[in-house]
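This report concerns only the one structure given below.
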Amino acid sequence: MTDVLVDFDEVLERYEPVIGLETHVELGTASKMFCGCSTTFGAEPNTQTCPVCLGLPGALPVANAAAIEATLRIGLALGCRVATWSRFSRKNYFYADIPKGFQTTQYDEPFCTAGHLDVEVDGETYRVEIERVHLEEDTGKNLHVGGSTGRIHGADHSLIDYNRAGIPLVEIVTRPIPGTNVKAPEVARAYVTELREIVKALGVSEVKMEEGNLRSDVNVSLAPIGSLEWGTRTETKNVNSLRSVERSVRFEMRRQAALLDAGERIFQETRHFHEDTGSTSPGRSKEEATDYRYFPEPDLVPVAPDEEWVASLAAALPELPAARRARLSEEWGLSATEMAWLANAGAVGLVGDTVEAGASPADARKWWLGELARRANDAGVELAELAVTPAQVAELVSLVAAGTINDQLARQTLDGVLAGEGDPAQVVEARGLAVMGESDELVAAVDAAIEGNPDVAEKVRGGKVQAIGALVGAVMKTTRGKADAATVKRMLEERLT
Ligand SMILES: [Zn+2]
């Protein structure tokens, strides 16, 4: 079934969107949430399990202190209030990836509440209120075999890997975010980008979205402009790239507007996002509230974070991304808007690391926001996913500065680096990309240009010096851009004036 969609700009003529995000961050602790099993990614299925995380009868959980500390640090970085008394709860439901028959999570007594995160989009600041930050355990991972989509529908059978079951998961829930209007998709993306930067700065998770370390459930609803009530929301589950967060909001707004235009109603349901088409499809209906029969986990003691401990955690927080950006924009001579642009492109860290590797801030910015941003965009990936490191970009910059290559050759060098041919210097060597010195080959090319364009040469001899450009161009063409234009010009002048 193909959805009818309304043009995005037209959606805003009639409706106001409200967005909300629930983001799961898989913590990078060495062991799982309630047992000593390893959390290393990519191990053979079901090799990192024990009676506790398999939910075998009689097994007793012990809470991971490092995970609790990481949760409090995330909460503090988001300006939350840390509870003085907190408990784990059982969320009861039956699904094969939940071996205990319930998930140990937090319900009405989460660790952190009432925070906020400010994000900037196109010079406007949007305050995202954080409702809660709580700690829970991840589920196992299902592998549906035999279907074409990898989803359960149409599959022959399903396999379950319990290595992930019990890995500590922090859930960060925003309050509904109204007032974003045309910027709703960008605000959603900017929020997840900023949250990821914070978690990265805290060092509590690898935050590799492609490995599912950070994934967001994206809520969207529309209401007619001026309406006092918000519309029915849909929840697009497990969106795992920044670009997809933005696209899923955009798609849901366009899809819901078409339904509302036609006088139909929006079903409260979960939806799946499809990377290939940028569309969403229905998942589970949420029309009837599931009764999870939450109750306090009897096998774990409540946690009462000590005031002094919390204060020491707050005092020991690292420089957070917003403060870092303010400091760097000063150091790099950027306006707040330029820095916000860099942040939303996910490039602050990359530019910073490139500067640390020896490039000037201007050069580092030029490459990441110019050539590399273009390539990432063409390939439909994030900047950080490009197969080039900040150190390699710094090396490229230094090769240009040393005159070994020019900008055009640098772009060809980049082709090689991105193709996995090695570091810039190696690629320059292997592909023979270095700028030509005043070699016999270049002398021959200069002489050939003069001989091949006698009328132009005559004009230059006669005093029309600007005509020399045509000859420089001819030499650059025969040397396929490998000559240095200034050198060529000087050589031509030596011969003609
Ligand atoms: Zn275990």
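Whether a residue is touching a residue at least 60 places away in the same chain (Cβ under 8 Å), surrounded by 24 or more Cβ atoms within 10 Å (Cβ to Cβ) and of a type in the set (A, V, I, L, M) was assessed, and L202 does not pass this test. Filtering the stretch 337-362 to residues that are in a helix (DSSP H, G or I) and without any contact (Cβ under 8 Å) to a residue 40 or more places away in the chain leaves E338, M339, W341, L342, V351, G352, D353, V355, E356, P361, A362. Every listed requirement among (1) farther than 25 Å from A376 by Cα; (2) without any contact (Cβ under 8 Å) to a residue 12 or more places away in the chain; (3) assigned to a helix (DSSP H, G or I) is met by V460 save one, (2). Within the stretch 148-165, the set of residues being part of a loop (DSSP other than H, G, I, E, B) and within 16 Å of the ligand (Cβ to nearest atom) comprises Y162, N163, R164, A165.
Scanning the stretch 1-52 for residues being over 28 Å from A65 (Cβ atoms) and among the hydroxyl-bearing types (S, T, Y) gives a total of 2. All of (1) more than 28 Å from R189 (Cα to Cα); (2) more than 16 Å from the ligand (Cβ to nearest atom) hold for A43 with one exception: (2). The set of residues in the stretch 18-54 that are farther than 20 Å from V170 by Cα and either crowded, with 16+ Cβ neighbours inside 10 Å or acidic (D, E) (or both) comprises V18, I19, E44, Q48, T49, L54. Looking across the stretch 88-130, the residues that are surrounded by fewer than 19 Cβ atoms within 10 Å (Cβ to Cβ) and either acidic (D, E) or on the phi > 0 side of the Ramachandran plot (or both) come down to D97, G101, D108, E109, A114, D118, D122, G123, E124, E129. Number of residues in the stretch 301-333 that are outside any helix (DSSP H, G or I), on the phi < 0 side of the Ramachandran plot and open to solvent by 20 Å² or more (accessible area, probe 1.4 Å) equals 10.
Per the listing V187, V207, V192, V218, the residue uniquely under 30 Å from A314 (Cα atoms), β-branched (V, I, T) and modelled with pLDDT under 90 is V207.
The values are calculated or read from the model by the stated rules, or taken from the named source; none is laboratory data. Predicted model, so just to flag it, every value in this text is computed and none were measured. Cβ: placed from backbone, ideal geometry, glycine included. Neighbour counts: every protein chain shown. Each accessible area value is taken on the protein alone, full model and side chains, heavy atoms only, with ligands, DNA and RNA left out. Shrake-Rupley method; radii C 1.70, N 1.55, O 1.52, S 1.80 Å.
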